[in-house]
1. Do the conditions hold for V135, that is, is it free of Cβ contacts under 8 Å to residues at least 60 places away in the same chain and part of a loop (DSSP other than H, G, I, E, B)?
2. Sort through G85, G151, G177, G107 and tell me the only one that's touching a helix residue (DSSP H, G or I) at 6+ places or on another chain (Cβ under 6 Å) and on the phi > 0 side of the Ramachandran plot.
3. Which one of these is closer than 26 Å to A138 by Cβ and over 25 Å from the mean Cα position of the chain (by Cα): G16, G85, G32, G27?
4. Test each condition in (1) in a loop (DSSP other than H, G, I, E, B); (2) small (G, A, S); (3) buried (at least 22 other Cβ atoms within 10 Å of the Cβ) for A65 and report the one that comes out false.
5. When residues of the range 140-176 are filtered for being surrounded by 12 or more Cβ atoms within 10 Å (Cβ to Cβ) and in a loop (DSSP other than H, G, I, E, B), how many remain?
6. Given the structure, is V114 out of contact with any helix residue (DSSP H, G or I) (no Cβ under 9 Å at 6 or more places or on another chain) and under 30 Å from L10 (Cα atoms)?
7. Tell me which residues, restricted to the range 1-45, are assigned to a strand (DSSP E or B), in contact with a Phe, Trp or Tyr (Cβ under 8 Å, 6 or more places away or on another chain) and either farther than 21 Å from A65 by Cα or open to solvent by 40 Å² or more (accessible area, probe 1.4 Å) (or both).
8. Any idea which of (1) farther than 17 Å from A82 by Cα; (2) free of Cβ contacts under 8 Å to residues at least 60 places away in the same chain; (3) of a type outside the set (F, W, Y) is the one A154 doesn't satisfy?
Amino acid sequence: MTSEIPLLALAARQCGIVSRPQLGAAGMSNHGIRTRVRDGRLLPVLKVFRFAKFDSTSNSESWAAVLSAGQRARVTGLATLALLGLDVNAVCPTVVVPPSRNIELPGVRLLRDVVSEPDKTEISGLPSTSTPRAVLDAIRLAESLEADQLGMRALLLAWVSRGYLEEWVDAYPKHFGVAKVRRVLGLASTGAASHTELIAHRLLESAQIAGWIANHWVADARGPIGIVDIAFPDVKLAIEIDGYAFHRDEERFQRDRTRQNRLVSAGWTVLRFTYEDLVRRPNYVLQQIRAHLHR
């Protein structure tokens, strides 16, 4: 009779997940597997199993995806960043497999590509890509606006370097997702404030909010007040975007507050949003803007 103690120890290292070959190597027959599935001790997950003693978590889902995908499969993208404890929203496991691998796994995002040796690593024993490669793959797999936001945030927080992305673009100019990576690099070359403003522009465009002008000059009876980042002139609504470098310049901080007071005195409503608002709370930003426009 197969002892489950060594298997449970193995499962504990793999967030409760074991593969059929691992069960077989421990001496469990196909009949033994079927028996444990019937009595609920083993729960089928994709092409592997989870011991019922262990809860299903995002980490166990990543283990199940990698073991189901077979040899040379690695977790990557947002799933890797989440495993590292970084603040991202990984809604499903992402796994990179060799280009020749013909496999489909429900609920798993598959990327068929080659991973270079320097980009191969493990996270608590789970085969994974490096952090920079995970960011690269997340950008490639994301929708356009999300890719821009993620890429700029990753550069800001040093999850990846511009050099890494540039080297990849140069080495693989025709690879899947290269246009998204190039766009992130283009945004990065415009400066921190422009990064944030461009995110705001794309957010408004994606929400189909019209009637705004970027970098709009505003004046009062005393003369020019200055440039408003995003203006709705018809309703005198000014959107000011505080980039992630904001507050580092005390003189600019004071100047912007003085300008804001003049805008309010001239009948403008001023809404201020930060980089974090735009990339982490976009629905809040849109809700505030729509509420003021409806007034």
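The values are calculated or read from the model by the stated rules, or taken from the named source; none is laboratory data. Since the model is a prediction, treat every value here as computed from it, not as a measurement. Glycine also receives a Cβ, built like all others from the backbone with ideal geometry; neighbour counts cover every protein chain displayed. The area values use the complete protein model at the heavy-atom level, side chains included, leaving out ligands, DNA and RNA. Shrake-Rupley method; radii C 1.70, N 1.55, O 1.52, S 1.80 Å.
1. So V135 does not fit the description; no.
2. So the residue among G85, G151, G177, G107 that is touching a helix residue (DSSP H, G or I) at 6+ places or on another chain (Cβ under 6 Å) and on the phi > 0 side of the Ramachandran plot is G177.
3. Working: G85 fails: over 25 Å from the mean Cα position of the chain (by Cα); G32 fails: closer than 26 Å to A138 by Cβ; G27 fails: closer than 26 Å to A138 by Cβ.
Going through G16, G85, G32, G27 in turn, just one is closer than 26 Å to A138 by Cβ and over 25 Å from the mean Cα position of the chain (by Cα): G16.
4. (1)
5. Matching residues across the range 140-176 total 8.
6. So V114 passes the test.
7. Taking the range 1-45 first, the residues assigned to a strand (DSSP E or B) are 17-18, 42-45.
Imposing the further condition that a residue be in contact with a Phe, Trp or Tyr (Cβ under 8 Å, 6 or more places away or on another chain) reduces the set to 17-18, 42-43.
Result: L43, single match.
8. In the conditions (1) farther than 17 Å from A82 by Cα; (2) free of Cβ contacts under 8 Å to residues at least 60 places away in the same chain; (3) of a type outside the set (F, W, Y), A154 misses (1) alone.
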